[in-house]
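Below: one structure, written as C-alpha cells.
We did not get these values from a lab; they are worked out from the coordinates using the rules stated. What you see is a predicted model; the values in this text were computed from it and never measured. Positions of Cβ are generated from backbone atoms using ideal geometry, with glycine treated the same way; all protein chains shown enter the neighbour counts.
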Ligand SMILES: Cc1cc2nc3c(=O)[nH]c(=O)nc-3n(C[C@H](O)[C@H](O)[C@H](O)COP(=O)(O)OP(=O)(O)OC[C@H]3O[C@@H](n4cnc5c(N)ncnc54)[C@H](O)[C@@H]3O)c2cc1C
C-alpha cells in the first residue's frame, strides 16, 4: 500500500470531457470521453492514500486503488495497469462502467467530490501497456460455459496457471451482458474487446454460437476436460405479472438491448415507457431515446432510491428523459392487440422494508393513465436453467440460481464450478469477477488434487 501523504487536497475532481447532450442523443458514441494523460496525473494528485484505504475495503476485489493511483501520479501508466491486472482482468471495462463502490467510501468526497477512481483506472487501461504470459503448460484442460466477465475471469486465472481453456458461448459475440446489455455509448466495443483480447492472448480458445443445451452436454464436457465452469449469467426475462404483458409493444429489457446490440432492425414506440430505476432501465430508456422515441421512466420509488448510478440518471435527464417517480404500473392497456397506455397508481413512501429502503405504498384512488405505445420492462432477470434435467444433479435455488460451496464455488456436481450472476442472481461486473476469482481458486485447487 502506498505511503500516507500529507497534502492539501483539491475539493473537486478534475473534469472529463463529455459528448454534448444535443449531439449524443443521435448517436451511440461514447458519452464520457475520459481523461488525457495530464488530467489523469492531476486527478491522481488528489489521492491522500489514507491509512485505512476505505476504497480498497469497499471494492469486492480489494484492488488497492491507492497503489495504482500512485503510479499514475508518477506518470507511469504501464505500472498502474500491471498493478490493476493483478486483481482485475477487466480494467478498461471497469474503468468505464463499474459501479465503483470505492468512490462512495473515498474520504476525499467528504469535503468535495470523491476521487475519480474509476476514471483513473480507465486512464491506466487506455494509456498503459502490460504483457501477461500464460503459465507453463500443465496438460490439464478446463471448459468454461459462458463468455461473460465471470467466464473470462476463470479463463484468465486458469490460463495463467498453465491450464488449457476453451470457452463455450451461446451468442455470436463474447462479453455476456457487457456486450448484449450495456450500450456502446457507455462501453465502446473496442474498450471491451481490449480486455477480452488480453485474456484470449493467453491461448484461451473461444467457441461462439455454441450453447450448452443439456445436462448431458455438461457431462460430455466433464469427460473431455478436467473441470467445468458455469458462468451463464442471468438472461431469462422476469415479468411483473400484470394484465396486458402479452400485448404488442411490450418487451423485456434483456431482449430489447440484445437485439439493439446485435444490430437487428429494432422498432421503438413513439412514446416508450421504461419500467424500473436501475442501470438496465437507464440503458433501455437512453437507447430508446437514441432511436427517436419520446422515452421516459416509470419507477415506483423516489429518485434517491433509484439503484442506477447518479451520473447515469443525470445524463439521462440531460438527454431529455423524464422520470415519473412514485408511480407504479398496474395494468397495460391495449386495443386490437397493441399497447396504448399504462394504468398506474401514485405511491408514497412508507416504513423501511427488508432492503432498508422506505417501502412504496399505493395511494388509494390515485389511478391514472399514461399514454404509451411501447413498454420496456427493466425490473429483473434470472438465470436460464431450462436446459437442466427434471431431476437435475445440480442443486438450484428458487431464484433459479446455482447452489455452490461458499469456499470453492463447486456446484453439487463434483468438478463443476459456477460463479457470477448464475449464482448471485443479477448483480454487478465487479461482483461477478470477485466471485469468479473465488471459483478459479476452487478449480485450481481441484486440479492440483485430481
Ligand atoms: C442492461 C444492463 C446493464 C448493466 N450495467 C451494469 C453496469 O453499468 N455496471 C455493472 O457493474 N453491472 C452492470 N450490469 C450487470 C452486469 O452486466 C452483470 O452483473 C455481469 O455481466 C454478470 O457477469 P456474468 O459473467 O455472471 O454473466 P453474463 O455477463 O450475463 O455472461 C453470461 C454469458 O453466458 C452465456 N450463456 C448463457 N447460457 C449459456 C449456455 N447454456 N451455453 C453457453 N453460453 C451461455 C450468455 O450468452 C452470456 O454471454 C448490467 C446488466 C444489464 C442487464
Completion exercise
Everything considered on the Cα gyration tensor (a ≥ b ≥ c; rounded for a/c under 1.5, else prolate if a/b is larger than b/c, else oblate), the chain must be described as oblate
Practice task
Using per-residue counts of other Cβ atoms within 10 Å, averaged over each peptide, order 109-116, 63-70 from highest down.
Solution key: 63-70, 109-116
Handout entry: Cα gyration tensor category, rounded, prolate or oblate, for the stretch 290-373 with a/c compared to 1.5
Key = oblate
Completion exercise
Site residue 172, offset 7 angstrom along Cα→Cβ, radius 17 Å on amide nitrogen, limited to the stretch 253-270, gives 255-267
Handout entry: Extension reserve of the residue 349-residue 17 stretch, reckoned as 0.36 nm per residue once the Cα distance is removed
Key = 115.8 nm
Problem - DSSP-defined beta bridges in the chain - what % are antiparallel, rounded to 5 - result: 40
Handout entry: Full-extension gain in nm, residue 222 to residue 389, via 0.36 nm per residue minus C-alpha separation
Key = 58.5 nm
Practice task
Can you figure out the FRET efficiency of residue 314 with residue 131, using R₀ = 41 Å and their beta-carbon distance, to the nearest 0.05?
Solution key: 0.60
Practice task
Any chance you could tell me what percent of the C-alpha pair distances in the stretch 98-236 go past 24 Å?
Solution key: 41
Exercise for the section: Give the shape of the stretch 236-381 as rounded, prolate or oblate, defined through the alpha-carbon gyration tensor: a ≥ b ≥ c are the square roots of its eigenvalues, a/c under 1.5 means rounded, and otherwise the shape is prolate if a/b is larger than b/c and oblate if not. Expected result: oblate
Handout entry: Zone residues, the stretch 358-399, relative to residue 270, backbone N less than 16 Å from point 7 Å out along Cα-to-Cβ
Key = 370-375
Problem - the chain, relative contact order [Cα under 8 Å, separation at least 6], % - result: 15
Fill in the blank from the handout: Label model pair residue 405, residue 449: point-to-point distance (7 angstrom along the Cα→beta-carbon line) in nm is 0.5
